[in-house]
Amino acid sequence: MAKRNGVLVLADEAKVGQQFTCPGCNQPVILKRGGIKVAHFAHKNANCNKLSENESQLHLSGKLALMQMAQELYPDTQVETIFADIEQRADVYLPSAKIALEYQCSPIDQVSLQQRTQGYLQIGLQVIWILGNTYLKRKLTTQTLAKFARFDVNWGFYLLFWDAKVRHFVLWTDIVEVAGHYRYQQSSHQTYQELKQYHQQCQLHQPQIAINQHIKQLESINSQIKLQKETLIFMVTQCYRDGKILPACPIICHPKEAQFPIFGGHTLFWRILVVLKIFSGKTDWLTKQKLNLIFKETVEIYGIMFHQIPNCQRFYRLAFLQYLQELATNGYLKQTYDKVIITKRPKWFLDWDQKKRFWLQERKKESA
């Protein structure tokens, strides 16, 4: 991308022989177009570390499209704005809205992402990360959620993409965990205005988790245990120390509804760990201080750190309080002013086969 007469142009749309300047340093650049490399601009005399000279055309066209659409709402929108104080460059900058748009097409590590996010916050800007085609074609992972997910009361946990190939937004909203898997609602939108309209009519859903989904999750866990997968060693060990078998965990450990994706696909493990820590002791009551310690310990092990969502503790605290209420409603706990009384302990199954038979019977009752 370069400037010609103050207007930004893409390399694949530029004509040979015209005069261009770098939008970062305003020095002359020349158009290079051959049969092997992607068309791009290069500096004549000196390198400029403010811009990438051989940036992908999808990335460049995406930034230009985002800028042009933003200008319809905010005429002062700029592209490739340099912030010297933090040594960062925003793909698209909306001065009047105090927003920086980052169009992320290539992989970025968590340290760099956090530094860039904190850099914008340091100068009073909100940063919105919009993901490119590379991320759009991938399966949703915990790492992508932790890096880029945002939260909205209408959209829930969500990710925003710009598909530069077909030139429209793709939105993944209402991202939840269902029996160890991520689920979301996908929609496409041509403009920022369409996104705003969709926001007004969107509502969160909390689907029920079917018995079949619970069975498939535990069958997968059982297979991974036999293969001695490292991701299960900690939880298997915690159960073993208490004389329990992980797949034979109590039914109360399985949520009945889809959950916020705050435990990295391991909501079941988090709930099992909470049950172990509450009910494995010899006492019949716990202080509120002890419960708070259990909350902190279990969240530290399984909670995700979201880089784009402030005050993540509110989601962990809500999940913990809701689980305590669920345990109380099912007769396991009774909460008083200063402590929690254990009224009965959740029943563990002898093994996975016994639990599976129980669930199959329950499924027959539902279908009858």
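Side notes on the structure shown:
- Only Lys, Arg (+1) and Asp, Glu (-1) charged, at Cβ; the chain dipole about Cα centre in debye: 1040 debye
- Highest-fluctuation residue, S188, S96, S106 considered, GNM on the chain with Cα pairs under 10 Å: S96
- Histogram of C-alpha separations across segment 288-368, 5 Å bin width, %: 3, 12, 14, 16, 16, 14, 13, 9, 4, 0
- Fully extended contour minus Cα-Cα distance, from D152 to Q208, at 0.36 nm per residue: 18.0 nm
- Think of a 1.4 Å ball rolled over the protein heavy atoms: segment 252-368 then has 55 Å² of accessible area per residue.
- Fluctuation leader among E326, E102, E80 - the chain, Gaussian network, Cα springs under 10 angstrom: E326
- Rough spin-label spacing in nm, given labels placed 7 Å along Cα→Cβ, for Q354 and E257: 3.2 nm
- Positive-pole candidate from I108, G119, Q88, dipole of segment 49-176, charges at beta carbon: I108
- Within a Gaussian network of the chain (alpha carbon springs, distance under 10 Å), most fluctuating of G331, G281, G17: G17
- Dipole of the chain [Lys/Arg +1, Asp/Glu -1 at C-beta], most positive-end residue of W162, I225, I128: I225
- Here is the list for segment 321-368: trypsin sites (Lys or Arg not before Pro) lying in DSSP coil, each with at most 15 other C-beta atoms within 10 angstrom of its C-beta, are K344, K347.
- Within straight-line reach of K44, meaning a Cα separation under 18 Å, sit the following aspartates and glutamates at least 8 residues removed in sequence or on another chain: E53, E55.
- Over the chain, dividing the summed -39,500 (n - 2.57) contributions of all DSSP H runs of at least 4 residues by the number of residues returns a 222 nm mean residue ellipticity of -12000 deg cm²/dmol.
- Given K139/K226; K290/K347; K277/K364; K139/K216; K296/K355, the pairs whose alpha carbons are separated by over 24 Å: K139/K226; K277/K364; K296/K355
- For the chain, with all protein chains in place and a probe radius of 1.4 Å, 50% of the accessible heavy-atom surface sits on carbon or sulfur.
- Solvent exposure of E72, expressed as accessible area, is near 120 Å², computed with a probe of 1.4 Å over the protein chains only.
- In terms of its alpha-carbon gyration tensor, segment 102-203 comes out rounded; the largest-to-smallest axis ratio a/c stays below the 1.5 threshold.
- Convex hull volume of the chain per residue (C-alpha atoms, cubic angstrom): 191 Å³
- Positive-end ranking of A319, S280, N330 along the dipole of segment 273-368, with charges on Cβ about the Cα centre, is headed by N330.
- Accessible area per residue, Å², segment 159-234 with all protein chains present, probe 1.4 Å: 59 Å²
The values are calculated or read from the model by the stated rules, or taken from the named source; none is laboratory data. Just so it is clear, the structure is predicted and the values come from calculations on it, not from any experiment. Virtual Cβ from ideal backbone geometry, glycine too; neighbours counted across all protein chains shown. Each accessible area value is taken on the protein alone, full model and side chains, heavy atoms only, with ligands, DNA and RNA left out. Shrake-Rupley method; radii C 1.70, N 1.55, O 1.52, S 1.80 Å.
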